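**Q** Would you mind keeping the following structure in view while I ask a few things?
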């Protein structure tokens, strides 16, 4: 069996979860989102998903990362950069007016615009997003967090990164640099799609695969980060299911229910078999009605995202 090194804790990993044909991932991106990602997979005909038994991180190998053109195309979708997010409101409550704050992967600066802190610095590679953030009066640089940590070590009271970590090819150096930017006693805030949420039930969710997501984060993987870095976990919070995700949640739940009733084989991340397509079609019609019922109730299940707050030692 192939052995891989965990990109987070460097352990040797043999726990193979699933094997994907890159051609099938390419087809799904084209069918669902109208995006051609074939060039990103040149030289990588097969993608494997592993799960580390030590730190609980799941990672794709090879870590095929999306090109600049891929992210430019995604930015055209109105749902890709959203200005109002529950995670922004939660994180803002951890920022005081006298704080210095670094945001890595700040996009158009939606989080920065809602803050009144002493100093805000954003890092972003997407040139169009940088241009829009600067036009809003924000201090945003096209610079890696590793470069920034070398320039301003221990400078910030708070460092945060929303929905970025899962895109990074090398999460360990990224987190080391983010940690280095913070003063002792300062806070690190990370938000990622949660592998303990309904997201892990969704089949053929290609945006949760390369070249978009390269790692998958469970609560346990986030709880084990302090053991790899000099920090302690302050809080782990799951956002509530957002209205724009309700139908997706209901569909995933219905497909899983039908699979259980019919005693089907173990769920896969990617499944284009006629048998699965039949289950999905049966669930799709009911999901809309179920979503309408769920939206009428004030109590919401956990949603897509988990936010971790750490304090640097």
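**Q** Nearest 500 deg cm²/dmol is fine: what mean residue ellipticity at 222 nm does the chain get from its DSSP H runs of n ≥ 4 alone, each adding -39,500 (n - 2.57), divided by its residue count? Could you put the intermediate results ahead of the total?
**A** Numbers: 10 runs with 99 residues, N = 313.
Computed ellipticity for the chain at 222 nm equals -9500 deg cm²/dmol.
**Q** What is the angle, in °, between the Cα long axis of helix 171-180 and the longest principal axis of the Cα atoms in the chain? Nearest 10 is fine, range 0 to 90.
**A** Its long axis makes an angle of about 20 degrees.
**Q** Sticking with this structure for a sec: Using alpha carbons only, how many degrees (0 to 90, rounded to 10) separate the axis of helix 246-261 from the longest principal axis of the chain?
**A** 40
**Q** Using 0.36 nm times the number of residues separating residue 151 and residue 5, minus their current alpha carbon distance, what extension gain do you get? Numbers along the way, then the final one.
**A** Numbers: separation 146, 0.36 × 146 = 52.56 nm, distance 3.00 nm.
Separation in residues times 0.36 nm, less the Cα-Cα distance, equals 49.6 nm.
**Q** In nm, to one decimal, how far is the residue 15 label point from the residue 89 one, both placed 7 Å along Cα→Cβ?
**A** Those two pseudo-labels are separated by 3.5 nm.
**Q** Please work out how much length the chain gains when fully extended from residue 278 to residue 299, using 0.36 nm per residue of separation minus the C-alpha to C-alpha distance, in nm with one decimal.
**A** Values: separation 21, 0.36 × 21 = 7.56 nm, distance 3.12 nm.
Length difference between fully extended and current span is 4.4 nm.
**Q** I'd like the orientation of helix 274-294 relative to the chain: the angle between its Cα long axis and the longest Cα principal axis, in ° from 0 to 90, rounded to 10.
**A** Once rounded, one gets 60 degrees.
Read-outs: derived from the displayed coordinates by stated rules, not from any lab. A quick note: this is a predicted structure, and the numbers were derived from the prediction, not measured. When we count neighbours, we look across all protein chains shown, and the Cβ atoms used for this are built from the backbone with ideal geometry, even at glycine.
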